[in-house]
Amino acid sequence: MITLAFDTCLTACTAAVLEDERVLVSRVEPMARGHQERLAPLVYEVMAEAELSFDRLDRIGVTIGPGSFTGLRVGLAFAKGLGAALDRPVIGIGVLEALAEPFEGPSAVFSVLDAKRGQVYLQAFAGGKPLMAPDALPVETACARLVELAGAGPAVITGTGLELVADVLPGARRVPVEHADPAAVARLAAV
């Protein structure tokens with residue numbers, strides 16, 4: 001199965017092509033603005049680098065937020081148009097899930113994005129399964145949720161909002177990231 005996936009929700013324009021479980025191409029271009037101009041050429045470039053025509057795709061994965069409203073619209077509109085043109089399914093992947101995907105294992109994984117105005121977007125995972133639905137919470141409430149869900153075991157905190165909550169779990173591994181790994185988005189979409 002060949003999966004094309006991309007993300008325009010945060011501060012990068014990303015794309016990856018996955019064949020079965022093997023990443024053929026993965027690209028990340030940091031940017032705060034300009035996703036609408038860069039996404040289509042980036043997708044074309046990764047497909048060309050993978051030496052694949054678009055008709056070889058089996059599915060398309062795209063992040064569905066949370067994130068920049070404009071970036072979300074750009075990615076979703078492009079995915080929907082491409083899926084319709086190719087008659088391929090489009091699979092929406094939550095950014096918080098994509099942030100946690102590289103850390104699947106026994107540890108609790110907390111994906112945290114700074115939502116501004118004293119809030120964060122939070123989702124918790126363990127063993128690759130969500131422990132809660134994605135939520136927008138005041139920082140204080142998110143901190144309490146981390147303590148509640150982490151238990152006594154090891155934990156990982158990742159995302160743009162980790163510094164807002166990480167002090168409540170002093171032993172947690174901190175992994176700051178500004179965007180989802182496009183290969184993680186592709187792996188999740190392939191499933």
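The values are calculated or read from the model by the stated rules, or taken from the named source; none is laboratory data. The structure displayed is predicted, hence computed values, not measured ones. All Cβ positions, glycine included, derive from the backbone under ideal geometry; neighbour counts span all protein chains shown. Ligands, DNA and RNA are stripped out before the accessible areas are found, and what is left, the full protein with its side chains, is counted by its heavy atoms. Shrake-Rupley method; radii C 1.70, N 1.55, O 1.52, S 1.80 Å.
Does T141 satisfy being part of a loop (DSSP other than H, G, I, E, B) and of a type in the set (V, I, T)? Against the criterion (part of a loop (DSSP other than H, G, I, E, B) and of a type in the set (V, I, T)), T141 does not qualify. The residues of region 48-70 that are buried (at least 17 other Cβ atoms within 10 Å of the Cβ) and over 16 Å from V185 (Cα atoms), listed by number, are A50, L52, S68. Within the bounds of region 81-90, is there any residue that is within 23 Å of A32 (Cβ to Cβ) and either part of a helix (DSSP H, G or I) or open to solvent by less than 30 Å² (accessible area, probe 1.4 Å) (or both)? The answer is no; no qualifying residue exists. The set of residues from region 153-168 being open to solvent by less than 30 Å² (accessible area, probe 1.4 Å), on the phi < 0 side of the Ramachandran plot and in a loop (DSSP other than H, G, I, E, B) comprises just one member, G161.
Restricting attention to region 20-51, which residues are in a strand (DSSP E or B) and either of a type in the set (K, R) or without any contact (Cβ under 8 Å) to a residue 24 or more places away in the chain (or both)? Explain how you work it out, then say what you get.
Filtering region 20-51 for residues in a strand (DSSP E or B) gives 22-30.
R22, R27, E29 - these are the residues of region 20-51 that are in a strand (DSSP E or B) and either of a type in the set (K, R) or without any contact (Cβ under 8 Å) to a residue 24 or more places away in the chain (or both).
Summed over region 69-98, residues that are among the β-branched types (V, I, T), in contact with a helix residue (DSSP H, G or I) (Cβ under 8 Å, 6 or more places away or on another chain) and at pLDDT 95 or above total 4. Every listed requirement among (1) under 18 Å from the mean Cα position of the chain (by Cα); (2) closer than 16 Å to T160 by Cα is met by H35 save one, (2).
Going residue by residue through region 141-150, is there one that turns out to be under 29 Å from L18 (Cβ atoms) and out of contact with any Cys (no Cβ under 8 Å at 6 or more places or on another chain)?
Checked region 141-150: no residue is under 29 Å from L18 (Cβ atoms) and out of contact with any Cys (no Cβ under 8 Å at 6 or more places or on another chain).
For (1) surrounded by fewer than 18 Cβ atoms within 10 Å (Cβ to Cβ); (2) under 16 Å from the mean Cα position of the chain (by Cα); (3) more than 24 Å from G92 (Cβ to Cβ), each residue gets a yes or a no:
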site: R117; (1), (2), (3): yes, no, yes
site: L131; (1), (2), (3): yes, no, no
site: D135; (1), (2), (3): yes, yes, no
site: L146; (1), (2), (3): no, no, yes
site: G151; (1), (2), (3): yes, no, yes
site: P170; (1), (2), (3): yes, no, yes
site: P176; (1), (2), (3): yes, yes, yes
site: A183; (1), (2), (3): no, yes, no
